[in-house]
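The values are calculated or read from the model by the stated rules, or taken from the named source; none is laboratory data. Not measured: the values here are computed from a predicted model. Note that each Cβ is placed from the backbone with ideal geometry, even for glycine, and that neighbours are counted across all protein chains shown.
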């Protein structure tokens, strides 16, 4: 069918039993990816709910850590005698830790297995979170936030890799769709939960809640999550330095097309998230009490589109969906820019196309990740790391540019979103064009 990936061993006849609670044990030949590569793993055909919930909990560490404590920032500042700028640094410190930490766990999980780095990361997250709860100064809190991010992204990176390890390629999009519920609901529920905990017990109890969550997930992962890395992946990783792994990925245009498409799409999301409070509250005078409604509506659109994508993917190839969704989101961004320039429609002239842009990411992000993970199955951990780090880096750059161009109108945000989505369209078309089925 497609050109087979040749780097590293690719055993064609390895049979590996896999037993997942709630799913019949199966033993199948190694499964070929869309690029024809094989990694020697047999995969479950259907996802058990318990495993999906556990993987969803692992992906929740980032959103929970970012969004839950946002309502407490002013209170924390008063408690630690810190300025608002210093409190904002605790947010920036977390993003820095997330960007760099994701580059570590993927290659490490390919080399030593999924479980050891995952469990170590969870334990370190638990300790860092306790350190946040006990911090008596802004500098210590910032340091603990960096440590919390470096440790917490282990779950986000390795969960994506485990999905690729454990399930047949036709089910990967379905699993990602379910995991996206966590990513979509977190911005809505985490601030509400943080505000409730703040009112009941104070800001330190927010980190206490995160520590309890980490402890429960750590115990569940220890007892319920077996090793999923293939022997072919292990052998390949042991013979290759992590830097060589990254260099090998950079030399694969199709892979970089998928990764950069996801990163540019994520950059548009970051530009909106960073600019939306100033635009909605500052420009259009939306009451702060109603801000969450606008923000939540876009999250609901994202979730709905992701679920539609999971069902559509059973009938249409992921690369076809990704190509059309990429064009659709770019068209929506052009409408956003026109409304921002002309002022047409006022608030709704911005929010309606922004809803379309956010919803389209439900098609873009999942399909870009599936495409990337299918190019080189012997380096799935490293691919997961590179994809996550690229999204955070591109997002941070887009947010910074939108902030630097701030002029009291929605125009800078709209221009940044159009620019990064144009890059996504060009990148996908040039590096990862649709291939004809054979």
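Of the numbered criteria (1) free of Cβ contacts under 8 Å to residues at least 40 places away in the same chain; (2) in a helix (DSSP H, G or I), the one residue 218 fails is (1). May I ask you to verify whether residue 355 is at pLDDT below 85 and either within 18 Å of residue 270 (Cβ to Cβ) or part of a helix (DSSP H, G or I) (or both)? The answer is no for residue 355. Here residue 39 meets the list (1) more than 29 Å from residue 235 (Cα to Cα); (2) crowded, with 17+ Cβ neighbours inside 10 Å; (3) modelled with pLDDT under 80 almost entirely, failing just condition (1). Listed conditions (1) out of contact with any strand residue (DSSP E or B) (no Cβ under 8 Å at 6 or more places or on another chain); (2) buried (at least 22 other Cβ atoms within 10 Å of the Cβ); (3) at pLDDT below 90 are all met by residue 214, apart from (3).
Residue 237 passes every criterion in (1) surrounded by 21 or more Cβ atoms within 10 Å (Cβ to Cβ); (2) under 17 Å from the mean Cα position of the chain (by Cα) apart from (2). Answer with yes or no whether residue 197 is at negative phi, loosely packed, with under 14 Cβ neighbours inside 10 Å, in the same structural domain as residue 133 (by TED's automatic domain parsing) and not in a loop (DSSP other than H, G, I, E, B). So residue 197 fails the test. Every condition in (1) surrounded by 14 or more Cβ atoms within 10 Å (Cβ to Cβ); (2) at pLDDT 90 or above is met by residue 312 except one, and the failing one is (2).
Residue by residue, here is whether (1) under 24 Å from residue 218 (Cβ atoms); (2) in a helix (DSSP H, G or I); (3) at pLDDT below 90; (4) outside the structural domain of residue 162 (by TED's automatic domain parsing) holds:
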| position | (1), (2), (3), (4) |
| --- | --- |
| 66 | yes, yes, yes, no |
| 71 | no, yes, yes, no |
| 74 | no, yes, yes, no |
| 110 | yes, yes, yes, no |
| 123 | yes, yes, no, no |
| 129 | yes, yes, no, no |
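Quick one: is residue 206 modelled with pLDDT under 85, out of contact with any strand residue (DSSP E or B) (no Cβ under 8 Å at 6 or more places or on another chain) and assigned to a helix (DSSP H, G or I)? It is false that residue 206 is modelled with pLDDT under 85, out of contact with any strand residue (DSSP E or B) (no Cβ under 8 Å at 6 or more places or on another chain) and assigned to a helix (DSSP H, G or I).
Taking the condition touching a residue at least 40 places away in the same chain (Cβ under 8 Å) and more than 17 Å from the chain's Cα centre (by Cα), does residue 326 pass? For residue 326, the condition - touching a residue at least 40 places away in the same chain (Cβ under 8 Å) and more than 17 Å from the chain's Cα centre (by Cα) - is met.
Being closer than 26 Å to residue 277 by Cα and more than 18 Å from the chain's Cα centre (by Cα) is a description that applies to residue 412. Do we have residue 355 as more than 27 Å from residue 149 (Cα to Cα), in contact with a helix residue (DSSP H, G or I) (Cβ under 9 Å, 6 or more places away or on another chain) and in the same structural domain as residue 297 (by TED's automatic domain parsing) here? Here the answer is yes, as residue 355 does meet what is asked.
On inspection, residue 119 does not qualify as under 18 Å from residue 204 (Cα atoms) and surrounded by fewer than 24 Cβ atoms within 10 Å (Cβ to Cβ).
For the stretch 332-348, the criterion of a residue being modelled with pLDDT of 85 or more, within 24 Å of the chain's Cα centre (by Cα) and assigned to a helix (DSSP H, G or I) is satisfied by at least one position. Residues in the stretch 371-417 that are outside any helix (DSSP H, G or I) and within 16 Å of residue 254 (Cα to Cα): 376 alone.
The rows are residues; the columns are (1) surrounded by 21 or more Cβ atoms within 10 Å (Cβ to Cβ); (2) touching a strand residue (DSSP E or B) at 6+ places or on another chain (Cβ under 9 Å); (3) more than 29 Å from residue 277 (Cα to Cα); (4) assigned by TED's automatic domain parsing to the domain that holds residue 415.
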{"site": "300", "(1), (2), (3), (4)": "no, no, no, yes"}
{"site": "304", "(1), (2), (3), (4)": "no, no, no, yes"}
{"site": "316", "(1), (2), (3), (4)": "no, no, yes, yes"}
{"site": "320", "(1), (2), (3), (4)": "no, no, yes, yes"}
{"site": "323", "(1), (2), (3), (4)": "no, no, yes, yes"}
{"site": "334", "(1), (2), (3), (4)": "no, no, no, yes"}
{"site": "339", "(1), (2), (3), (4)": "yes, no, no, yes"}
{"site": "348", "(1), (2), (3), (4)": "no, no, no, yes"}
